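Working notes, beginning with the structure itself.
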Amino acid sequence: MKLFQDLNIDIQQNIKEIDYYGYTKIENFLTSEGKSHLLNLINQKYDEINSNGKMKYKGVPARNANDKIVYSIYNINHCFIEVLTSSVIREIAMYKLNDEYYRFLPNNVPNYILSYYNARSSGNKLDLHIDSIIPFPGSQKTNAIQVAILLEDSTIDNGCTVVVPGSHNSGRYTDREFSNTKPLTGKAGDLIIWDSRLWHGTLVNKTKESRWVLIATMSQWWCKQSIDIVRNVDNNVYQQCSDEQKQLLGFCSIPPEDEFSRNNTKCGYDFLKANVEDYF
């Protein structure tokens, strides 16, 4: 199945938009078949998780009480990992996140990692925030980016993402009372990427309809992942991954158990094992 389009676009222009505004939108990223397939998988998983009207997740933040969420979607199907390694996302992410001094891998392949990967449908308003943890101004590089793949139309009425253009260069935490935001509307199949330092949130979903979007946070290799992907990834999914995709999941930057087993966190493809259990 062909999940995403072979787009003939000027990626350098998209990179300039992220550098200047903090975000960019790429229309028609997914194929029609890809949109339907990914959306069906998410809806099926959401129904499974919320069987009998009781969510199986523990400790969901109160602010997400009216949201629909599916966590760790890389474990649902390998295709969710595949879309993240498309040439469009790969080129932008390498520009923003790659460590040029990562000498265990060639400089023409990614060395950034996946921090978390969820599907979300807006309910409540989400306050302005940053996902870089700390703000810092300027620089071509950032420590994280968000990749949002729209599976359904995203509108003002159904709670689309809002941003403060240029705020990624402010070097400041968000002002949650700031009201001059820009809505990032889009059609199902569109791709939106933003610098994680960008002030962003969502509007309240005023409709009774879902607004499913895949949200991946990718970070520089040294950043601590938001969930322990290398320990919880399904081995069947792992075995379908290329070396590059295994590295994306974090398997080339697992901290050593102690100083006697290994003394470097950065590793190359030669470190990769046949199965997840072989690492631990």
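The values are calculated or read from the model by the stated rules, or taken from the named source; none is laboratory data. What you see is a predicted model; the values in this text were computed from it and never measured. For neighbour counting, all protein chains shown are included, and Cβ atoms are generated from backbone atoms with ideal geometry for every residue, glycine included.
Being closer than 19 Å to Asn124 by Cα, in a helix (DSSP H, G or I) and touching a residue at least 12 places away in the same chain (Cβ under 8 Å) is the requirement here; does Tyr74 meet it?
no
Out of the stretch 18-54, which residues are under 30 Å from Ser170 (Cα atoms), among the acidic types (Asp, Glu) and surrounded by fewer than 18 Cβ atoms within 10 Å (Cβ to Cβ)?
Glu27
Which of (1) of a type outside the set (Phe, Trp, Tyr); (2) under 30 Å from Gly138 (Cβ atoms); (3) assigned to a helix (DSSP H, G or I) is the odd one out, the single condition Val83 does not satisfy?
(2)
Being within 30 Å of Ser253 (Cα to Cα), at pLDDT 95 or above and not basic (Lys, Arg) is the requirement here; does Ala216 meet it?
yes
Given the residues Tyr74, Tyr101, Tyr57, which is the only one that is among the hydroxyl-bearing types (Ser, Thr, Tyr), under 22 Å from Ile149 (Cβ atoms) and surrounded by fewer than 17 Cβ atoms within 10 Å (Cβ to Cβ)?
None of the others qualify; the one that does is Tyr57.
Just give me the residues in the stretch 108-132 being assigned to a loop (DSSP other than H, G, I, E, B), out of contact with any His (no Cβ under 9 Å at 6 or more places or on another chain) and in contact (Cβ under 8 Å) with a residue 24 or more places away in the chain, in sequence order.
Hits for the stretch 108-132 are Val109, Pro110, Asn111, Tyr112, Ser122, Gly123, Asn124, Lys125.
In the stretch 4-13, what residues are over 17 Å from the mean Cα position of the chain (by Cα) and either loosely packed, with under 13 Cβ neighbours inside 10 Å or in contact (Cβ under 8 Å) with a residue 60 or more places away in the chain (or both)?
Asp6, Leu7, Asn8, Ile9, Asp10, Ile11, Gln12, Gln13
Which one is farthest from Asn143 (Cα to Cα) among residues in the stretch 222-267 that are crowded, with 20+ Cβ neighbours inside 10 Å and aromatic (Phe, Trp, Tyr)?
It comes out as Tyr238.
Could you please tell me which pairs satisfy a Cβ distance under 6 Å, a separation of 6+ or placement on different chains, a first residue in the stretch 259-280 that is free of Cβ contacts under 8 Å to residues at least 40 places away in the same chain, and a second residue that is surrounded by fewer than 13 Cβ atoms within 10 Å (Cβ to Cβ)?
Arg262/Pro256
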